[in-house]
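Here's the structure we're looking at; comments come further down.
The values are calculated or read from the model by the stated rules, or taken from the named source; none is laboratory data. Only a predicted model underlies this, so the values are computations on that prediction, with no experimental measurement involved. Counting neighbours? That spans all protein chains shown, and the Cβs are built from the backbone with ideal geometry, glycine included. The area values use the complete protein model at the heavy-atom level, side chains included, leaving out ligands, DNA and RNA. Shrake-Rupley method; radii C 1.70, N 1.55, O 1.52, S 1.80 Å.
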Amino acid sequence: MTFGEQPAYLRVAGDLRKKIVDGSLPPHTRLPSQARIREEYGVSDTVALEARKVLMAEGLVEGRSGSGTYVRERPVPRRVARSGYRPAGGATPFRQEQADASVRGTWESSSEQAEAGAAIAERLAIQTGDRVMRTKYLFREAGEPMMLSISWEPLAVTGRTPVMLPEEGPLGGMGVVERMRAIDVIVDNVTEEVGARPGLAEELHLLGGVPGHVVLVVQRTYFASGRPVETADVVIPADRYRVAYHLPVK
């Protein structure tokens, strides 16, 4: 193979991908069998199998037990709008994660005390093993799972206060900024880092994805006078959503 030449399985996968994208192989169409790919492209069974694996890993096709492999319906990506923290009152966890005011959604949550692992301790500028409140969220838009989030708050900040449990008490169900303000902790900065990775099995189960699907991960941290007071991982299915930022110019 000369420099820059693609392996045979990638060339076959690329041609099949093109047919899926241009509609020659529309959704719910059965993908050519391994034998058919071998004959049509003049490749080995191994190459044909690897090409099919590539398309499955990309989420373009799916296997159906006892039936074969079919082209998946390609969702039209929707937008998850983000604009950092919202200092005005009334923000909810859903609005905190999806800043588009025209979108309506609900969420489910559960909180528990835990010990901070090394990575979370570093993000919160605390010691490994320090106690944190860990809250898991599943967000829905029109009933459809759209986003997951796990947040961690140091109990050195919120412990023994009315906002220790994010979803309970007088400010239960409000955003981080409002809850922290209630205990005289003024959030004045937020950072977000966006990355991508294959979704974990439990994430894809909750979000309705299939093995191999890629998710976007927004790693967000709120600060008050330089001190981290909350950090979270927001997980979004990359095949269904795009993350859009609205950043004010100062």
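Scaling the Cα radius of gyration of the stretch 109-233 by the globular reference 2.2 N^0.38 Å produces a ratio of 1.09. Note that the chain presents 53 Å² accessible area per residue, ligands and nucleic acids not counted, probe 1.4 Å. For the chain, complete DSSP H runs whose alpha carbons reach 15 Å or more along their own long axis and whose mean Kyte-Doolittle score is -1.0 or higher are 8-22, 45-57. Based on Cα atoms of the stretch 1-123, Rg over Rh with Rh as the Kirkwood radius reads 1.20.
Quick one: compute the contact order of the stretch 1-134, relative version, from alpha carbon pairs under 8 angstrom and 6+ residues apart, as a percent. Answer for the stretch 1-134 is 16 percent. Bridge orientation summary for the chain: considering DSSP beta bridges with both residues in this region, about 90 percent are antiparallel. Within the straight-line cut-off of under 18 Å between alpha carbons, the aspartates and glutamates reachable from residue 19 are 39, 40, 50, 58, 62, 73, sequence neighbours fewer than 8 places apart in one chain being disregarded. Ligands, DNA and RNA left out, the 1.4 Å accessible surface of the stretch 101-250 is 54% carbon and sulfur atoms.
Average 1/r across all pairs of distinct alpha carbons in the stretch 145-216, invert it, and you get the Kirkwood radius: 14.6 Å. Mean sequence separation of contacting Cα pairs (under 8 Å, at least six apart), scaled by the length of the stretch 113-250, corresponds to a relative contact order of 22 percent.
The gain in end-to-end length when the residue 167 to residue 58 segment is fully stretched comes to 35.6 nm, 0.36 nm per residue minus the alpha carbon separation.
The alpha carbon convex hull volume per residue for the chain rounds to 188 Å³.
Where in the stretch 59-81 does the amide nitrogen come within less than 19 Å of the point 7 Å from the Cα of residue 33, taken along Cα to Cβ? Correct set: 62-71. Scalar couplings 3J(HN,Hα) for the stretch 211-221, obtained by applying the Karplus form with A = 6.51, B = -1.76, C = 1.60 to θ = phi - 60°, are x, x, 5, 8, 10, 8, 10, 9, 9, 10, 9 Hz; x denotes Gly and Pro.
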